[in-house]
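The values are calculated or read from the model by the stated rules, or taken from the named source; none is laboratory data. The structure displayed is predicted, hence computed values, not measured ones. Positions of Cβ are backbone-derived with ideal geometry, glycine not excepted, and every protein chain shown enters the neighbour counts.
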Amino acid sequence: MAVRHHLIDRPPSAVWSVLEDTSLYGVWVVGTSASRPERGRWPETGSSITYALRLGHKEFTGRTVVRRIDRPGALELEAESGPLGSARIAFDIRPWGDKTFVIVDEHPLRGVGGFLHNALLDSVLQIRHRTMLARLARLVEEGAAETDGGARSAAPGGPPGAPAAGADFS
């Protein structure tokens, strides 16, 4: 099981604004791109989004389903990646003064990932989580989350919610 935490310099409502935006999923989730709603109203229980998952030169289509939501403190997802299997990804979202303490807990459930789950895989997930939580924090802190009147900040000339020009999300 891979567990990682990050302190985000914004309140939980700003973190939720990013988590609830399906168009930003591919920006902060490491390895994914081009996300879109699939079923239901994200992130209600049972709703899902689809995304592209890239591994080297190969691209797979995956989907993520909301298995549990308990605002303002928890979001649990099941990421299904076809032949790679599925994983449980749980976010624990806690107010920490005027900031937010986010804990992510991920472990494989089915498929190759579940079969090959070991300490080495958990180490890889730790690296992935470090990057993923840093990207999430950057999006939240730079204002990609909803702002006054429902408008979104955007890079000049870019689509709403897009990262600022030159932003490094690696």
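Things to note:
- Residues considered: Arg4, Arg41, Arg36. Of these, the only one that is at pLDDT 95 or above, of a type in the set (D, E, K, R) and not in a helix (DSSP H, G or I) is Arg41.
- Residue in segment 20-40 that is out of contact with any strand residue (DSSP E or B) (no Cβ under 9 Å at 6 or more places or on another chain) and exposed (fewer than 15 other Cβ atoms within 10 Å of the Cβ) present: no
- Members of segment 76-103 found to be surrounded by fewer than 14 Cβ atoms within 10 Å (Cβ to Cβ) and more than 15 Å from Arg10 (Cβ to Cβ), listed by number: Gly82, Pro83
- Counted residues, segment 65-96 - those being closer than 20 Å to Ala134 by Cβ and either free of Cβ contacts under 8 Å to residues at least 24 places away in the same chain or within 12 Å of the chain's Cα centre (by Cα) (or both): 7
- Selection from segment 1-33 of residues that are within 23 Å of Asp122 (Cα to Cα) and either touching a Cys at 6+ places or on another chain (Cβ under 8 Å) or among the charged types (D, E, K, R) (or both): Arg4
- Qualifying residue in segment 96-103 (condition: modelled with pLDDT under 90, assigned to a loop (DSSP other than H, G, I, E, B) and either among the small types (Gly, Ala, Ser) or in contact with a helix residue (DSSP H, G or I) (Cβ under 6 Å, 6 or more places away or on another chain) (or both)): no
- Val140 fulfils the conditions (1) at pLDDT 50 or above; (2) more than 17 Å from Gly31 (Cβ to Cβ); (3) of a type in the set (A, V, I, L, M); (4) surrounded by fewer than 18 Cβ atoms within 10 Å (Cβ to Cβ) except for a single criterion, (4).
- If you go through segment 1-17 and pick out every residue that is aliphatic (A, V, I, L, M) and touching a Lys or Arg at 6+ places or on another chain (Cβ under 7 Å), you end up with 2.
- Residue count for segment 14-33 satisfying the condition of being outside any helix (DSSP H, G or I) and closer than 18 Å to Glu80 by Cα: 5.
- Checked against (1) surrounded by fewer than 18 Cβ atoms within 10 Å (Cβ to Cβ); (2) among the acidic types (Asp, Glu); (3) farther than 18 Å from Leu139 by Cβ, Asp9 meets all criteria but (3).
- Only a single item in (1) part of a helix (DSSP H, G or I); (2) closer than 16 Å to Ser23 by Cα; (3) at pLDDT below 75 is not met by Gly161, and it is number (1).
- Residue match in segment 110-119 (condition: at pLDDT 80 or above and either at negative phi or among the β-branched types (Val, Ile, Thr) (or both)): yes
- Residue match in segment 53-75 (condition: in a strand (DSSP E or B), surrounded by fewer than 16 Cβ atoms within 10 Å (Cβ to Cβ) and of a type in the set (S, T, N, Q)): yes
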